Amino acid sequence: MIRVCPLGDLPAGAAIRVVATVPIAVFNADGQFYAIDDTCTHQDASLADGWLEGCQVECPLHASCFDLRTGKPTGPPARKPVRTYPVRVRDDVIWVDDTVEITAVVDNGIIAGSAGSAAGEVVDGVVDGMVDPAARADVV
Ligand code: FES
């Protein structure tokens, strides 16, 4: 687990980049926390520097959008998904589990990277992230 920051340092609508094996971007989308690879799969832009709207982040370089829940691109030019990671909130600190590696098959049947789905939600001041079972349906 990677310590991201205190809960109060990532308000709604904000993002932060953390250094792990690969750079990871963590977002607060209206109280839901998501973590994805920070580097856009199109070129070398930081998605933590992008624009967050709902559960979508728009790349600051060429405007590809990625769904934070699945990591899949929802707008060109990017075609490959970014990986997603489980997020936990414990004792008012945000953590990311960067050990989860899930390989997904995308629309055309080509294995194009890793994508799970992870969202953490604060309930009663403390709790947990979860892996979305719907996203697991894509796992091979
Ligand atoms: S670098 Fe992200 S869309 Fe081009």
Item checked: Cut-off 15 Å between beta-carbons: net charge of the residues surrounding GLU58, Lys and Arg +1, Asp and Glu -1 -> -3
Margin query: As a footprinting exposure proxy, order ILE94, ILE16 by other Cβ within 10 Å, with the fewest listed first.
Written below: ILE16, ILE94
Next item on the list: Would you mind calculating the gained length between MET1 and THR74 on full extension (0.36 nm times residue separation, minus the Cα-Cα distance), in nm to one decimal?
Entry: 23.4 nm
Notebook entry, point to check: In terms of modelled amide H atoms, which long-range or inter-chain residues lie less than 5 Å from the amide H of ARG90?
Noted result: TRP95
Notebook entry, point to check: Around CYS5, which amide H atoms from residues at least 5 apart in sequence, or from another chain, sit under 5 Å from its own amide H, with H modelled in the peptide plane?
Noted result: ILE94
Check: What do the square roots of 5 times the Cα gyration tensor eigenvalues come to for the range 1-85, in whole Å, largest first, as semi-axes of the equivalent ellipsoid?
Finding: 19, 14, 10
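Values in this text are rule-based calculations from the coordinates and carry no lab data. All of these numbers come straight from a predicted model, not from anything done at the bench. Cβ: placed from backbone, ideal geometry, glycine included. Neighbour counts: every protein chain shown.
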